[in-house]
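Where a number appears in this text, it was derived from the coordinates with a stated rule and is not lab data. Not measured: the values here are computed from a predicted model. Using ideal geometry, Cβ is built from the backbone for each residue, glycine included, and neighbour counts are taken over all protein chains shown.
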Amino acid sequence: MRIKVLKKIDMNLPENEIKIVISSNCNNMNFDDFVAYVRNYNNKLIVHNDYENLVIAYKDIMFFYSENKNNYCKTINGIYRIKSKLYELENNKDFIRISKRCIVNINYVKSFDAKQTGKIIVRMCDGTEEKVSRRRLRNVLNYLESRNL
C-alpha cells in the first residue's frame with residue numbers, strides 16, 4: 001500500500017489550520033483502515049542489517065545501545081543498526097534509560113541486582129547484563145517504585 005500525503009494551502013481556512021489531503025491507490029481502503037495502518041506503523045522501527053532494511057515492532061526490542069558512534073537495537077533474533085538517536089527512543093512507556101549508552105525494555109528485564117551498595121545491574125532475559133549509571137540511578141529507583149517492582 002502506498003499512501004501520499006499532500007499539504008494543500010486553502011485560503012478559506014483560518015491562519016492556524018492546515019488542510020491535509022490523503023490519497024491512496026487502494027480503491028477499497030476506508031478511513032478506519034487508514035487510521036489502523038498509521039497506528040500500527042507508529043509502533044514499529046526501521047532497522048538495518050547489512051544492506052537490508054527491516055521493520056521491527058517496539059515490543060520485540062529488548063534494548064537500545066550505542067557503541068562505536070553507532071546506535072543498535074537488540075532483539076531475541078539479533079542485533080540491528082538503527083539511525084535514530086537514543087534520546088528519540090526513550091519516550092516509550094515500556095523503555096527506561098539506564099545509562100548514557102543504554103535504554104532497556106522493562107518487559108525483557110529478568111532482574112535488577114542491587115547487591116553492591118550504590119550499583120544496580122540489570123539482567124535481561126537472554127543473560128545480557130547492563131549497569132545502571134550513577135546519574136540514572138535515582139530515575140531507575142523512582143521508576144521501580146512507581147511500578148511497585
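Highest mean packing comes first when the peptides 126-134, 140-148 are listed by Cβ atoms within 10 Å, giving 126-134, 140-148. Close amide-amide hydrogen proximity is noted between Thr128 and no other residue 5 or more places distant or on a separate chain, at a cut-off under 5 Å (H modeled in the peptide plane; Pro and chain starts excluded).
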